[in-house]
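Nothing in this text is a laboratory measurement; each read-out follows from the coordinates by a stated rule. Quick caveat: nothing in here was measured; it's all calculated off a predicted structure. Heads up, the Cβs are rebuilt from the backbone with ideal geometry, glycines too, and the neighbour counts pull from every protein chain shown.
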Amino acid sequence: MAMDKSEHRNPVVIQKEGLSMRGQALFRPAAASVSNSKKMISESKFAFLLLLPTIVILLGLLLYPFLYSIYLCFVDLNLTKPWVGPKFVGLDNFSAVLKDGEFWLSMETTLYFAVFSVAASMILGLAAALLFNIKFRMRGLGRSLLLIPWAMPGVVNAMIWQTMLHPNYGLLNGVLLKLGVIDSPVGWLSDPKLALASIIMAQVWTSFPFVALMYLAALQSISGELVEAAKIDGAGSIRIFKDIIVKLLVPVTLVLLVLRTIDSFRIFDLVFAMTKGGPANSTQLSGLYLYKQGFMFSDFGLGSAGSYILTGFILVFVLLYMRILRQKDGV
């Protein structure tokens, strides 16, 4: 009877074939991992290629203007003298700005505006946050209405306040006349002594809702058990507010001071729409001064240098805020 050929195969050959098959099984995952890694690399390259146009556009919109503004600081570029062209002048633009009395007058006005507008918005914002932290009917509606002035565009806000402060048909004069506070209409925006205060009122009305929202979020993160424990120990409302709430609000206060100071120093639209710097330059803030230098007088070198000087002043104030509050409260 004939036997199957497979039964008479050499054992050595069978062993070698077994080793070969095991070797293939061992190297197959490695080959698959190499293939997967190549696939992953190709996918990452493909994703980068998809993002490349966006990256180029963002660099063009952000990096190029930033570098070009630095370049303008060191050249004399005035569109009223196109035949001159860009001329390298070194630090002359910075020196001209620092020697300009109008610039320092605008900085003084801006500092006055920043101090009072920031302080008023912080106080009113904290008061509103404490009010809306209490549970009462229609509290949600009140919170929603609170955000309307903050969400309103600056130019619209300026037009509203121009109407309210109009000497003949303004709401403010009408209310004060009815109450007997004033005897005759007041020119809020035409009086150099009152124009800046009027702009401060408009700015505070726009900015304090944001402060209130930030403070409200911080108040709601304070543990109620901590307040209850203080009440059990005999602490009154004033002491709880002073020793617990105020100290826990220091971090958010620092952030708000920084943000509000920056906004106050770079404000432009509200002043331009309401007074355009008048009367008698009493409301010419630093942002408006830089606008006039760059776009009304077409001296882009002077305007760029002044903007970086203003940035330096803002940075100094921010660092002072951080240092004082951290030393005082150990934040």
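Given +1 on the Cβ of Lys and Arg, -1 on the Cβ of Asp and Glu, and no further charges, what dipole in debye does segment 95-329 carry about its Cα centre, rounded to the nearest 20?
Dipole magnitude for segment 95-329 comes out near 540 debye.
Tell me the volume per residue, in Å³, of the convex hull enclosing the alpha carbons of segment 95-329.
156 Å³
Exposure proxy check: S282, S307, S42 ranked by fewest other beta carbons within 10 Å?
Fewest-to-most Cβ neighbours within 10 Å comes out as S42, S282, S307.
Where does each of I70, I309 land when they are ranked from fewest to most other beta-carbon atoms within 10 angstrom?
Taking fewest neighbouring Cβ atoms as first place, the list is I70, I309.
Over segment 95-329, what relative contact order in percent results from Cα pairs under 8 Å that are six or more residues apart? Please list the in-between numbers first.
Working: 239 pairs, mean separation 67.0, N = 235.
It comes to 29 percent, rounded to a whole number.
Could you put F313, F48 in order, starting from the residue whose Cβ has the fewest other Cβ atoms within 10 Å?
Placing the least packed residue first, the sequence is F48, F313.
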